[in-house]
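Input: a single structure, listed below in structure tokens.
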Amino acid sequence: MKVAVVIPTKNERATVVEVITSVRKALQGLGHESVIYVADDSHDDTRRRSQEVGAVVVRGSGDGLGTAMFRGLKAALDSNPDVIMSVDGDGQADFASEVQLFLQPIMDGTAELVLGSRFLADGLVQYRYRAKNRLGTRILVGMLRRRTGLPITDSHGGIRAMIPDVVRELEMLGSHTYVQETIIDAHEKGFRIVEVPSVWRPRAHGTSRVVRSIPRYVLYTLPVLLVRSGQHIRWLYSLGAIAFSLGFVVFGAIVAQEGFTYRLADRLPGLTLVGLLITTGLQLFFFGFVLQLLKQIKQRIN
């Protein structure tokens, strides 16, 4: 087969050459042709080092590694591959040992998107994984399960494999959320998704530059996933309707207390509250409308 591999990088000069070399060697050892793409959002010489070992560099826009990865996946279609894979550029994923595990479900025709999970079995995470990061991952996994109904156990596996149609039809809203949005998008479009166990090794160089704090990353991710799910419409419109209605209820109560007269000058604080409630309701309606419009525009641009 011809396999295109996209490697997302952010200042990974210390590991990128080793990752590219091991990916190419592993695929050649299995008899597959390979094309390596580096989706780069770096400020060091990661791009130069990648090009020196024959990788195609797809530059990000500085908007986030998710945007760079989206561009890299789309660029990988140009080589007309049979399979597109992704592997993190920090060297933590054991691509050489696990590549066939990811390719097999696609070769068997049992899946169109194969995800790696660090939590399908004990001992897959070979370093100390902080409790707060595990909590953040569980929150993201919970959202993915709720959105897709799939028994997903990990939102950030280091290796993936997919058929080209998954990438061809991929639409994204966020600049940091490609790991979640690719799952949601593939599910929405009817592609079969499976998880396989995948080892995460300790970083040999530095610390994570992509997600320094999973809890903080969750805060970046939640709004995008909320808009992606369409729940923002229900929540914002519902809250808007409640605020709007409550404003009229308060106004009616004030008028009733004044004997249905127009002598309301002494009720200025109450009338101010009425104005705030009605204005807030209108703003929530408008905000929901604008978010939906932006979502549609972003999807058309994709």
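The values are calculated or read from the model by the stated rules, or taken from the named source; none is laboratory data. Small disclaimer: the values here were computed from a predicted structure and weren't measured. Neighbour counts are summed over all protein chains in view; Cβ atoms, including those assigned to glycine, are modelled from backbone coordinates with ideal geometry. All accessible areas refer to the heavy atoms of the entire protein, side chains included, with ligands and DNA or RNA removed. Shrake-Rupley method; radii C 1.70, N 1.55, O 1.52, S 1.80 Å.
Which members of segment 146-163 meet the condition of being among the hydrophobic types (A, V, I, L, M, F, W, C) and part of a strand (DSSP E or B)? Full working, then the answer.
We begin by selecting, within segment 146-163, every residue among the hydrophobic types (A, V, I, L, M, F, W, C); these are 150, 152, 159, 161-163.
Hits for segment 146-163 are ILE159, ALA161, MET162.
Across segment 1-41, what is the number of residues that are polar (S, T, N, Q) and crowded, with 24+ Cβ neighbours inside 10 Å? Going through segment 1-41 one residue at a time, the tally reaches 1. Of the residues making up segment 250-265, those that are in contact with a Leu (Cβ under 8 Å, 6 or more places away or on another chain) and either open to solvent by less than 40 Å² (accessible area, probe 1.4 Å) or modelled with pLDDT of 80 or more (or both) are VAL250, PHE251, ILE254, VAL255, LEU264.
Of all residues in segment 52-73, count the ones that are closer than 21 Å to GLU169 by Cβ and either open to solvent by less than 10 Å² (accessible area, probe 1.4 Å) or β-branched (Val, Ile, Thr) (or both). Even if it seems obvious, please write down each step before you answer.
Looking only at segment 52-73, we keep the residues that are closer than 21 Å to GLU169 by Cβ, and these are 58, 66-73.
Retained after the next criterion (residues that are either open to solvent by less than 10 Å² (accessible area, probe 1.4 Å) or β-branched (Val, Ile, Thr) (or both)): 58, 66-69, 72-73.
Count: 7.
Per the conditions (1) in a loop (DSSP other than H, G, I, E, B); (2) within 19 Å of the chain's Cα centre (by Cα); (3) surrounded by fewer than 19 Cβ atoms within 10 Å (Cβ to Cβ), the sole criterion not satisfied by GLY89 is (3).
The single residue among VAL179, VAL114, VAL141 that is under 26 Å from SER79 (Cβ atoms) and assigned to a helix (DSSP H, G or I) turns out to be VAL179. Would you pick out the residues in segment 5-42 that are farther than 19 Å from TYR178 by Cβ, without any contact (Cβ under 8 Å) to a residue 40 or more places away in the chain and in contact with a Gly (Cβ under 9 Å, 6 or more places away or on another chain)? Listed by number, the residues that qualify are ILE20, ARG24. The sole residue among THR280, THR221, THR272 that is touching a Leu at 6+ places or on another chain (Cβ under 9 Å), open to solvent by less than 90 Å² (accessible area, probe 1.4 Å) and modelled with pLDDT of 80 or more is THR280.
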